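The values are calculated or read from the model by the stated rules, or taken from the named source; none is laboratory data. Small disclaimer: the values here were computed from a predicted structure and weren't measured. Methodologically, a virtual Cβ is constructed for each residue, glycine included, from the backbone with ideal geometry; neighbour enumeration extends over all protein chains shown.
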Amino acid sequence: MNHIPAPRTRSAVAEDANTLRSLYEASEVLRVVNVWDAVSARVVAELPGTRAIATAGHAIAASHGYADGEQIPLHLMLEAVGRIVLATDLPVSADLDGGFGDAGETVRRAIGVGVSGANIEDQLRPLVESTRLVADAVKAGEREGVSFALNARTDAFVRGGNRPIDEIIADAVERGRSYLDAGATCIFVPGILDADVTRQLVAGIGERKVSVIGLPGALSAGEYESLGVARISYGPMPQNVALTALKRLGASLLGEGVIPSDTEILNNF
């Protein structure tokens, strides 16, 4: 049986948070392949080059039969994240959606299951309210003795509607700066960002302070790295790819297919 890590002590979580923060600040972009359960975490953690684990809130919710957007009860989300923490020795950053109504308390409970960083989204709330949410999350970490690596997400692009692109960029920059001032480690700006937009975001928010998502049509991780981006994640896309493979295999097996001979046994706990 493979080694199963022990539960994280508070000092270990604090050390993981420092490691995660240093990975954001490094010159090499931090690539995280998002996971949704213990076995996906184990598979990703064993890949050469994996330096941290990030959960996908949408994918965890879907695996429990819930829609995205804090429809899953918080205790189920944290239980799933806790199992992911136990599946790896690497630092774990959790997707905590919009903070589940109390960002500080949610971060406190996340630290309790071994999480050392998180995404929390602003959902385009008013700037003052959003900045207070970020500050609450950061202060919760401080009270627990953890320099929590908060990847504060702004939905300026994904909820931007028909606003002119310059207005959206300006909004993302203003929010990003405010969240950094409130103690966030990095600013997550999801959306399909081309080189020019990314360059403006990095110039406005800071080198190694912008986090992006890899979606079909986005730049490559190497291109984002050259533009000064700190982190690239993939949200629910890894789960989508896995489910697509399952669907295709199932269709084959319900026909005349057989299990491919090169299939690896990856769930040997």
Seminar exercise, completed: Here the qualifying pairs (Cβ atoms under 9 Å; residues six or more apart or on different chains; first in the stretch 168-196 and within 16 Å of Ala137 (Cα to Cα); second aromatic (Phe, Trp, Tyr)) come out as Gly183/Phe148; Thr185/Tyr24; Thr185/Phe148; Cys186/Tyr24; Ile187/Tyr179
Problem set entry | Whichever residue in the stretch 224-240 is aliphatic (A, V, I, L, M) and in a loop (DSSP other than H, G, I, E, B) and, among such residues, is farthest from the chain's Cα centre (by Cα) | Leu227
Exercise. What number of residues within the stretch 111-132 satisfy the criterion of being under 23 Å from Val32 (Cβ atoms) and surrounded by 23 or more Cβ atoms within 10 Å (Cβ to Cβ)?
Worked result: 10
For this session: Assess whether Thr106 counts as being free of Cβ contacts under 8 Å to residues at least 60 places away in the same chain, over 20 Å from Tyr234 (Cα atoms), buried (at least 24 other Cβ atoms within 10 Å of the Cβ) and of a type in the set (S, T, N, Q).
Result: yes
For this session: Considering (1) under 19 Å from Arg159 (Cβ atoms); (2) part of a helix (DSSP H, G or I); (3) in contact with a Pro (Cβ under 9 Å, 6 or more places away or on another chain), say which one Val197 fails and leave the rest.
Result: (3)
Problem set entry | Selected residue [more than 19 Å from Ala14 (Cβ to Cβ) and surrounded by fewer than 24 Cβ atoms within 10 Å (Cβ to Cβ)] from Ala172, Ala135 | Ala135
For this session: Hey, could you check the stretch 208-244 for residues that are hydroxyl-bearing (Ser, Thr, Tyr) and in contact with a Ser or Thr (Cβ under 8 Å, 6 or more places away or on another chain) and say which is farthest from Ala195 (Cα to Cα)?
Result: Ser233
Seminar exercise, completed: The condition from (1) more than 30 Å from Ala6 (Cα to Cα); (2) in contact (Cβ under 8 Å) with a residue 60 or more places away in the chain that Pro126 misses is numbered (2)
For this session: Provide a single number: the residues in the stretch 7-55 that are touching a helix residue (DSSP H, G or I) at 6+ places or on another chain (Cβ under 8 Å), within 17 Å of Ala87 (Cα to Cα), of a type in the set (A, V, I, L, M) and outside any helix (DSSP H, G or I).
Result: 4
Exercise. Checking Val39 against (1) closer than 23 Å to Phe100 by Cα; (2) touching a residue at least 24 places away in the same chain (Cβ under 8 Å); (3) β-branched (Val, Ile, Thr), which test does it fail?
Worked result: (1)
Exercise. Restricting to the stretch 91-133, what's the tally of residues that are among the hydrophobic types (A, V, I, L, M, F, W, C), within 19 Å of Ala59 (Cβ to Cβ) and touching a strand residue (DSSP E or B) at 6+ places or on another chain (Cβ under 8 Å)?
Worked result: 7
Seminar exercise, completed: Checking Gly228, Gly250 in turn, the sole residue that is exposed (fewer than 14 other Cβ atoms within 10 Å of the Cβ), modelled with pLDDT of 95 or more and of a type outside the set (Val, Ile, Thr) turns out to be Gly250
For this session: Quick one: in the stretch 145-157, of everything that is under 16 Å from the mean Cα position of the chain (by Cα) and aliphatic (A, V, I, L, M), which residue is surrounded by the most Cβ atoms within 10 Å (Cβ to Cβ)?
Result: Leu150
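Can you pull out every residue in the stretch 56-79 that is touching a Phe, Trp or Tyr at 6+ places or on another chain (Cβ under 7 Å) and either closer than 13 Å to Ala94 by Cβ or outside any helix (DSSP H, G or I) (or both)?
Ala56, Ala59, Ile60, Glu70, Ile72, Leu74
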Seminar exercise, completed: The residue from Ala149, Ala156, Ala140 that alone is aliphatic (A, V, I, L, M), under 24 Å from Thr88 (Cβ atoms) and out of contact with any strand residue (DSSP E or B) (no Cβ under 6 Å at 6 or more places or on another chain) is Ala140
For this session: Would you tally the residues in the stretch 1-57 being of a type in the set (Ser, Thr, Tyr), crowded, with 22+ Cβ neighbours inside 10 Å and in contact with an Asp or Glu (Cβ under 9 Å, 6 or more places away or on another chain)?
Result: 1
